[in-house]
1. Give the Rg (one decimal place) followed by the Dmax (whole number) of the chain, computed from C-alpha coordinates and expressed in Å.
2. Would you mind ranking 31, 11 by Cβ crowding within 10 Å, fewest neighbours first?
3. Which residues does the label zone of residue 95 cover in region 26-67, counting backbone N under 13 Å from a point 7 Å along Cα→Cβ?
4. Pick out the long, greasy-scoring helices in the chain: whole DSSP H runs spanning 20 Å or more along their own axis by Cα, mean Kyte-Doolittle at least 0.5.
5. Among 44, 89, 31, which residue has its Cα furthest toward the positive end of the charge dipole of the chain, with +1 on Lys/Arg Cβ and -1 on Asp/Glu Cβ?
6. Taking Cα pairs under 8 Å and at least six residues apart, what relative contact order does region 4-90 come out at, in percent?
7. In vacuum, with every alpha carbon of region 17-63 counted as one equal point scatterer, what does the Debye formula give for log10 I(q)/I(0) at q = 0.30, 0.33 Å⁻¹? Two decimals, please.
8. Choose one answer from 64, 15, 111: the residue with the largest mean-square fluctuation in a GNM of the chain with alpha-carbon springs under 10 Å.
Amino acid sequence: MLTFEQKQQIFARFDELEEKSVSMGRLNYHFEGSKREKTLVIKHLHPNGNAWLYAPFLERDDLDKEGYLNIRDLSESEIEQLLKEAIGYLSTDGDPYQEGFYEWYQDGNGDALKLSYENKMWIIYTGENVEAVFPTREAALGYLADEGFQD
């Protein structure tokens, strides 16, 4: 197991992490540039070398209920890789669609509607007029299907 100091040196290599002292001599490391609600990447680096790394992107059974992985017995390279992945994960808002994304849908009569992603909402346009607005893509696609439109 890596020591407290060894883990502290690993975390210090990541300029985007900010070290903050917490109780009982423990340290937390925050990523203030996070595009998600979470900024805490390393939780409770303890003087005994134990620590938790935020990794909800991993599909593992040993994550705690908040998505943290115990890194007590991980190697330096494993910790570095997980830190890179965690910062990468927190650097995105998790939205798979970019602002301005759009698709065209047609019905059997040749009429066309545009489905556009704007301000985290799905908007259906008839020409330049708004036909409908939906909070999810699935709801918008359901509406289009009900109205006989396909991509």
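1. Looking at the chain, its Cα Rg and Dmax stand at 22.5, 71 Å.
2. 11, 31
3. Within reach of a label on residue 95, which here means backbone N under 13 Å from a point 7 Å along Cα→Cβ, region 26-67 contributes 35-36.
4. none
5. 44
6. RCO, region 4-90: 24 percent.
7. So the normalised log intensities are -1.08, -1.15.
8. Largest GNM mean-square fluctuation: 111.
The numbers here are math on the coordinates, done by the rules we state, and not lab data. Everything quoted here is computed from the prediction, not taken from an experiment. Glycine gets a Cβ as well: all are built from the backbone with ideal geometry, and neighbour counts include every protein chain shown.
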